[in-house]
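These notes concern the structure reproduced below.
Read the figures in this text as sums done on the coordinates, not as results from a lab. Every value quoted in this text rests on a predicted model; they were computed, and no experiment measured them. In this analysis, Cβ positions are derived from the backbone assuming ideal geometry, glycine residues included, and neighbour counts consider all displayed protein chains.
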């Protein structure tokens, strides 16, 4: 029975917390309301553009899988993490001068840079508010995560168009950029439910791995595209960002040199198209999927110390979903 | 004796907490350190450019004036408020594309917009960290203050070059923009020392008023200049910002129309020079000083319910110092 359920979970991992998910939405909307009509509208514009809500999901599921019963606090905390994540996207888009996010104009393109910057700050504040009065350990982790998010931006910039970048550098960057906030959210959920350090460590390991895999798949999708509307491909390449497909492609014995040449300069549009072709030709995408699959298996393995439950199965389903998006 | 001391306090209000002030500096430097060399350097660049440390001062003095004994927590919390304030200046400078702050190049001019934006986020996170685990009431106030800071940016933008702006609109803007973080800092200090609601309310009133007066004087200095190096005048006018000198000057029976004409358009350099002359000619600066003095007297009056102490005298000295800067 559990086995059959587990298969269904790959596609339906979120069903088990659908009540909590709708409370997360209500909490987010409430937290971001403002008497200032335009600010209110801006927050709603960006938060309702269809994120996957991975951070609230891992917070709530980790809480339940570790034996937690009353989901009201993890719902609020998970909403807080989603708001923090969204705030970081608003500032990232300003940073990269991104035009489209989730099929819509980015906030600073829709309104203005200065208003988007300030609205991002507002969301940061409101996000922290939702975290409330957490125990010392998760609070330390959250601050550490936020610091690492910023530091990883600096490291990433140092490696733009920089041929020295290695897979290890890449893993360091995406740990800060993507994984750490997912880790903070999941581990906070676990802390709220249990004092069992082995379980908390398992959730830490699991969430680190799914965070890394999540970003790897994002990098892949920048090369092969997605079924979402309005998502351009090749943006990372045009910005000279260090991504896993590019790093693997640069290592190819025959085609690697041309990829390196393009990566090391500010590319023309023709360069970007050529680089996308080269990356596909080198087999780098398969290498990336193999790596992401490997990491996801490690994530699932980490959960073995947790008692079996439908929530644990749901965490496994979420992990599998992450590498199967658009596949 | 107390009376003689009180006179000296106008210039020497900070002497009594000089030990705490140096601990505030150490705390700030520790909180903003980063393993990333450039981020570390950016934080130090901006924080060490000589702010007046009004927010830590009111936090520590309010705490002591309300009977607090061990200043270690208000020192850390005050440092947190100074960091939050500095973070907001970094983002404000990006917002306004400001070039000079406290006699130095602004952070985004010295480094880059994208790095300054992210460094500002880092400071926000680190600032919140210093606030630690405060009681519910001051924490609510801090979040409210941060929200109002953002909202006031929106209101201010709505009134740029807008002839409808009134003194009441102006007071609403500067309450959010400047006063509220000073209030949050002072009231937190009071909360940490006492449960006496009358005293806390007095500190609330006092800090609101000195915050308002502080911004009024800043607006005056944009017209008449300061003795600081590198500070340009007329920046607010060139940006069409609603300031008290401009609002008063626009009300002048003869010269007001020309001020209004300039305010309502994007001014040329010649317009800015002419507007500065007009504001001086209308007597608006005297009106502003009269208003600021009035507000400072109200601030000092509010303290009457507090028991006499050298700390209370120091708060009075700080209030007087605020309206005497560069006078």
Inset, instruction - Pairs of Cα atoms under 8 Å, at least six residues apart: use those to get the relative contact order of the range B:39-113, whole percent. - result: 33 percent
Legend entry - Cα gyration tensor category, rounded, prolate or oblate, for chain A with a/c compared to 1.5: oblate
Inset, instruction - Quote the FRET efficiency, to the nearest 0.05, computed for residue B:33 versus residue B:325 with a Förster distance R0 of 35 Å and r equal to the Cβ-Cβ distance. - result: 0.65
Legend entry - Solvent-free Debye scattering, log10 I(q)/I(0), computed from the Cα coordinates of the protein assembly as shown at q = 0.05, 0.07, 0.09, 0.11 Å⁻¹: -0.26, -0.51, -0.81, -1.12
Legend entry - GNM top mover of A:187, A:272, A:75 - chain A, alpha-carbon springs below 10 Å: A:272
Legend entry - GNM top mover of B:115, B:37, B:232 - chain B, alpha-carbon springs below 10 Å: B:37
Inset, instruction - Go ahead and estimate [θ] at 222 nm for chain A from helices alone: -39,500 (n - 2.57) per DSSP H run with n ≥ 4, summed, over the residue count, rounded to 500. - result: -23000 deg cm²/dmol
Inset, instruction - Obtain the nm distance between the two label points defined at residue A:162 and residue B:44 by a simple spin-label model: each point lies 7 Å from its Cα along the Cα-to-C-beta direction. - result: 2.0 nm
Inset, instruction - Give me a single rounded figure for A:119-132: the average over its residues of other chain Cβ atoms within 10 Å of their Cβ. - result: 5
Legend entry - Rounded to 10°, Cα long-axis angle of helix A:136-159 versus longest principal axis of chain A: 10 degrees
Inset, instruction - Run through the other copies and list how far each one's label point is from that of residue A:293, in nm with one decimal, shortest first; the point sits 7 Å from Cα along Cα-Cβ. - result: 8.1
Inset, instruction - Can you list the distances in nanometres, one decimal and ascending, from the residue B:18 label point to the identical position in each other copy, with the point 7 Å along Cα to Cβ? - result: 7.0
Inset, instruction - Compute the acute angle (0 to 90°) between the alpha-carbon long axis of helix B:113-131 and the principal axis of greatest extent of the alpha-carbon atoms of chain B; round to the nearest 10°. - result: 30 degrees
Inset, instruction - Counting only C-alpha contacts under 8 Å and six or more residues apart, can you give the relative contact order of the range A:140-183 as a whole percent? - result: 60 percent
Legend entry - Two-site label geometry, residue A:70 and residue B:301: point separation in nm, points 7 Å out along Cα→Cβ: 4.8 nm
Inset, instruction - Summarise the partner chain shielding of A:35-42 as one whole number: the mean count of Cβ atoms from other chains within 10 Å of each residue's Cβ. - result: 3
Inset, instruction - Once the label point is placed 7 Å from Cα along Cβ, list for residue B:277 the distances to the corresponding points in the other copies, in nm, shortest first. - result: 6.6
Inset, instruction - Using Cα centres only, tell me the gap between the range A:47-63 and the range B:61-77 in whole Å. - result: 40 Å
Legend entry - Estimated FRET transfer efficiency when R0 is 60 angstrom, pair residue B:196-residue A:269 (beta carbons, to 0.05): 0.30
Legend entry - Residue mean of other protein chain beta carbons inside 10 Å, B:137-144: 2
Legend entry - chain B - percent relative contact order, Cα under 8 Å, separation 6 or more: 23 percent
Legend entry - With Cα atoms, 0 to 90° folded angle of helix B:180-193 axis to chain B main axis: 10 degrees
Inset, instruction - Rank B:167, B:183, B:58 by mean-square fluctuation in a GNM of chain B with C-alpha springs under 10 angstrom and give only the top-ranked residue. - result: B:167
